[in-house]
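*Asks:* Please find one structure pasted underneath; my questions will follow.
The values are calculated or read from the model by the stated rules, or taken from the named source; none is laboratory data. These figures come from a predicted structure and were not determined experimentally. Because the Cβ atoms are built from the backbone with ideal geometry, glycine has one as well, and the counts that use them run over all protein chains shown.
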Amino acid sequence: MRASAIQAWFVVHKWTSLVCTLFMLLLCVTGLPLIFAHEIDHLLERSIDPPEVAQGPGPADVDAIVADAQARRPDDVVQFLVRDPDEPDLWFVRLGATATAEEPTAFYFYDARDGSFLHEYPVGEGVMNVLFRLHVDMFAGLPGTLFLGLMGLLMAAAIVSGAVLYAPYMKKLRFGTVRRSRSPRLKWLDLHNLTGIVTMVWLLAVGITGVINTLAIPIFGQWQATQLAEMAAPHMGEGPAGDPGSAARAVRAALEAAPDMRLSFMAFPGTGYSTDRHFVAMMQGTDPLTSKLLEPLLIDGRTGEILERRTLPWYVSTLLLSQPLHFGDYGGMPLKVLWALLDLMAIVVLGSGVYLWLKRRHVTFEAWLQSVQGEAPAQEEARKAA
């Protein structure tokens with residue numbers, strides 16, 4: 001590769017890294033405990049498992065569960081009924097100040113076997129909530145989320161340019177070499193390059209899926225404005241608004257219509273995922289791949305009729321597949337541990353990058369090229385001689 005091309009990649013790597021590194025370091029530090037969010041919630045007793053019984057008495061009355069949740073917060077609105085993906089004997093009921101409120105006011109746990117109330121999840125409280133908000137939007141809402149997505153794109157550019165620069169770096173050094181006998185800066189440069197190339201594929205995968213996740217609100221907004229509107233349009237005049245019928249009837253209809261699938265969650269009438277008159281049940285498959293995808297069913301809760309059934313468009317499916325990949329949720333605890341180890345290595349990459357910039361903020365391309373070729377810059381040799 002010509003020196004001019006290498007220099008161009010050097011400039012790209014330097015400035016993209018400079019802009020995004022601190023934000024990426026924030027995301028890696030906050031993302032590390034979020035990998036184990038489910039386990040930490042159990043440890044802190046913010047989430048519980050249903051009690052052990054010899055044999056469940058049978059499916060709970062969903063309408064009774066919804067009525068109990070509504071009675072606990074009569075001024076709020078039931079938005080979603082959720083089936084725990086890891087524990088089939090748990091239902092969650094989410095309530096909000098209004099049907100379309102983005103922030104929940106309460107999450108209630110219920111035993112799916114007998115309908116007994118188990119626990120209230122503390123919404124918006126605790127250190128895990130702070131870490132989650134920092135990771136998702138830095139407490140700045142959608143603008144903060146989109147800003148972090150931009151930083152993710154810059155990180156991808158920094159990774160690609162760093163990989164290109166690694167080729168001349170390796171010409172005179174063996175893979176994995178860390179020049180411990182040279183200056184601290186060269187030692188950290190070697191460590192930065194080594195950990196960077198080892199974690200390159202993982203960083204790109206997590207970075208790109210993170211960028212996709214920052215577009216969740218626009219992506220679902222597009223689905224609501226197009227496909228959901230098309231599903232609901234022929235049925236908007238059916239039945240009075242505010243009289244949705246039975247949630248239990250809607251759940252039964254969804255399970256009967258898709259016996260090879262299971263319910264992920266059901267949106268109540270009036271939310272952004274349903275209409276003013278109908279429930280929308282989001283069904284998921286049972287194998288590792290299809291369990292991450294959703295299929296919406298538009299249901300009349302008064303009659304139990306399935307009015308519409310469609311697959312989600314590709315852009316929504318891409319988002320749904322990227323979310324668990326971002327946090328390593330595909331392979332249970334072994335994959336989570338691997339994700340955590342790679343996250344720690346990424347912190348080393350980013351932290352060493354900050355150190356290198358602080359030590360040599362005005363490093364020239366010529367000085368960098370000498371250092372990667374195993375030669376000490378003239379300025380360093382002169383300083384040593386003095």
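*Asks:* Being closer than 28 Å to D300 by Cβ and surrounded by fewer than 20 Cβ atoms within 10 Å (Cβ to Cβ) is the requirement here; does W223 meet it?
*Replies:* Yes.
*Asks:* Ok, one more. Can you name every residue in segment 90-101 that is more than 14 Å from M282 (Cβ to Cβ) and surrounded by 19 or more Cβ atoms within 10 Å (Cβ to Cβ)?
*Replies:* Of all residues in segment 90-101, those more than 14 Å from M282 (Cβ to Cβ) come to 90-91, 93, 95-101.
If the condition is that a residue be more than 14 Å from M282 (Cβ to Cβ) and surrounded by 19 or more Cβ atoms within 10 Å (Cβ to Cβ), then L90, W91, V93, L95, G96 are the ones that fit.
*Asks:* Report the residue count in segment 12-21 for those that are modelled with pLDDT of 85 or more and out of contact with any helix residue (DSSP H, G or I) (no Cβ under 7 Å at 6 or more places or on another chain).
*Replies:* So the answer is 1.
*Asks:* Taking the condition more than 18 Å from the chain's Cα centre (by Cα), in contact (Cβ under 8 Å) with a residue 12 or more places away in the chain and buried (at least 17 other Cβ atoms within 10 Å of the Cβ), does L325 pass?
*Replies:* no
*Asks:* Okay, moving on. Considering only segment 200-307, give the strands (runs of 3 or more DSSP E) lying wholly within it that have at least 3 residues that are touching a residue at least 40 places away in the same chain (Cβ under 8 Å), in contact with a helix residue (DSSP H, G or I) (Cβ under 9 Å, 6 or more places away or on another chain) and at negative phi.
*Replies:* Answer list for segment 200-307: 262-267, 295-300.
*Asks:* Name every residue in segment 1-48 that is more than 22 Å from W202 (Cβ to Cβ), among the hydroxyl-bearing types (S, T, Y) and crowded, with 18+ Cβ neighbours inside 10 Å, in order of residue number.
*Replies:* Matches in segment 1-48: S47 only.
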